Amino acid sequence: MEYLHKIESVDAGSIAEELDIEPGDVLVSVNGKKVEDIFDYRYLCDDEKLLVVIRKPDGEEWELEIEKDPDEDLGIGFGGGLMSEYRSCRNHCIFCFVNQMPKGMRDTLYFHDDDARLSFLQGNYITMTNMSDHDIDRIILYHLEPINISFHTMNPELRKKMLHNRFAGDIMPKVMRLKKAGIRLNGQIVLCKGWNDGEDLEHSLKTFEQLLPELESVSVVPVGMTKFRDENHQVQLEPFKKEDAAAVIDQIERWQNYYFQKYGTHLVHASDEWYILADRPLPPEDNYDGYQQLENGVGMVRLLIEETRASLAQLNGDGRHRKAAIATGKLAAPYLAKLVKEIQGKFPNISCRVIPIRNDFFGEMITVSGLITGSDLKKQLRGQELGEELLLPVNMFRAGEQVFLDDVTVQELEQTLQIKVRIVKSTGQDFVHAVIGDQEQ
């Protein structure tokens, strides 16, 4: 197969510019080898002497001999992160959140990614169902780690059913190849009531022992169900109740104790949602093994509490006056309210309301702040006393943008509510300074 990569940009003052490489040219090969994607490119260019073949728009091919420092970049940009198309998911998981989205939203929200390269670059979780031996060879060759794996169950037959993919049951041989090559791994289980919980979860948690020490952490999260699920799914799933959450926590904590006593790691972690649903205290900070599963909602609340208290301890407090409001998901609201009271212990003249937002857009079962839309904020905050500034967590927005999931902008929200919006970063320090009205750190 021939891999040709169009050059989108050339850095000023770079080796590429000196050699008259221009946007629109095509990279054909490096040192006589085809370049499949960004990992091949980086690997092949990490040398002192290169033979780079460039094809010009008129079809003429240039062979360029280059001498450089091993870690010196050529200064070529290809556009996109991978130099190839993202691999989409071939599964039809019974719990897939993408399939529970309403119609009419932007196209990127409907893309099912399942690309091992994104697991390395961005921390995405993959099922490994579309991975060939060649793909695994390349992970091992370039030592790409950590690789984040969506296990869901270690029962091969059940995994086939849950992922609706007849190839989904052969994950263990693939994972063992990575383990034997020393590739660090993380895992996740999306727990579905009556499917992979109970005895099946017990089997999975036991099987993970075979993957130590390369397997560094596993999160267990409850399935998320939007109000659009019935329209898009044939499989009916039940929500977990308080007593179910308590049973899951007991099961996970029992295995945590086992793994910690034997290996010095808790390994498996219940997401914050389980503790909130079960009305149980959050685990102490030491139980989270360095917060390896924050992106799956494991330890986010505990980390915020610890960071907030540490930041507050460094402040003397004063008598400043300020009125503000925080809008957040129902999941985090009670904890933020308690932290605001702790802040008021040092800043008694500060008033900061914490307003839990009901998720009308996706349905009330969705309680996390990251899935709150601008339209719900508009409807539920209109006419409320918000003070001089509205604080919103950064995870409500697209990465690097001030736009909500439903394409409402911060500017639109400010105009509707007639109030200044402040986007608060995720650390406890940022939270404290936002509440007391300090300039952004």
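Of note:
- Within region 1-31, considering residues that are without any contact (Cβ under 8 Å) to a residue 40 or more places away in the chain and in contact with a helix residue (DSSP H, G or I) (Cβ under 8 Å, 6 or more places away or on another chain), the one most open to solvent (accessible area, probe 1.4 Å): Asn31
- Test result for Leu178, in a helix (DSSP H, G or I), farther than 26 Å from Leu294 by Cα, open to solvent by less than 50 Å² (accessible area, probe 1.4 Å) and free of Cβ contacts under 8 Å to residues at least 60 places away in the same chain: no
- Residue list for region 390-423, filter: surrounded by fewer than 20 Cβ atoms within 10 Å (Cβ to Cβ), touching a helix residue (DSSP H, G or I) at 6+ places or on another chain (Cβ under 6 Å), closer than 20 Å to Val354 by Cα and hydrophobic (A, V, I, L, M, F, W, C): Leu417, Val421, Ile423
- Among (1) touching a Lys or Arg at 6+ places or on another chain (Cβ under 9 Å); (2) buried (at least 17 other Cβ atoms within 10 Å of the Cβ) - the single one Leu381 does not satisfy: (1)
- Wholly enclosed helices (runs of 4 or more DSSP H) of region 32-151 bearing at least 1 residues modelled with pLDDT of 75 or more and within 30 Å of Leu215 (Cα to Cα): 38-45, 133-142
- Sole residue being more than 12 Å from Thr328 (Cβ to Cβ) and touching a residue at least 12 places away in the same chain (Cβ under 8 Å), chosen from Leu405, Leu371, Leu377, Leu392: Leu405
- When Met225 is tested against (1) of a type in the set (A, V, I, L, M, F, W, C); (2) modelled with pLDDT under 90; (3) assigned to a helix (DSSP H, G or I), just one condition goes unmet, and that condition is (3).
Table: residues versus (1) open to solvent by less than 20 Å² (accessible area, probe 1.4 Å); (2) of a type in the set (A, V, I, L, M); (3) touching a residue at least 24 places away in the same chain (Cβ under 8 Å).
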residue: Ser150; (1), (2), (3): yes, no, yes
residue: Thr153; (1), (2), (3): yes, no, yes
residue: Pro156; (1), (2), (3): no, no, no
residue: Asn165; (1), (2), (3): yes, no, yes
residue: Ile171; (1), (2), (3): yes, yes, yes
residue: Lys174; (1), (2), (3): no, no, yes
residue: Asn186; (1), (2), (3): yes, no, yes
residue: His203; (1), (2), (3): no, no, yes
residue: Glu214; (1), (2), (3): no, no, yes
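- Residue within region 382-397 that is at negative phi, of a type in the set (S, T, N, Q), modelled with pLDDT under 90 and not in a helix (DSSP H, G or I) present: no
- For region 233-343, the helices (runs of 4 or more DSSP H) that sit wholly inside it and include 3 or more residues that are surrounded by fewer than 18 Cβ atoms within 10 Å (Cβ to Cβ) and modelled with pLDDT of 95 or more are 242-263, 300-313.
- Of all residues in region 165-173, one or more are over 23 Å from Arg42 (Cβ atoms) and under 23 Å from the mean Cα position of the chain (by Cα).
- Region 347-367, residues that are touching a Leu at 6+ places or on another chain (Cβ under 6 Å) and open to solvent by 10 Å² or more (accessible area, probe 1.4 Å): Val354, Thr367
The values are calculated or read from the model by the stated rules, or taken from the named source; none is laboratory data. Keep in mind it's a predicted model, so treat the numbers as computed, not measured. For neighbour counting, all protein chains shown are included, and Cβ atoms are generated from backbone atoms with ideal geometry for every residue, glycine included. Quick note on the areas: whole protein, heavy atoms, side chains included, nothing else; ligands and nucleic acids left out. Shrake-Rupley method; radii C 1.70, N 1.55, O 1.52, S 1.80 Å.
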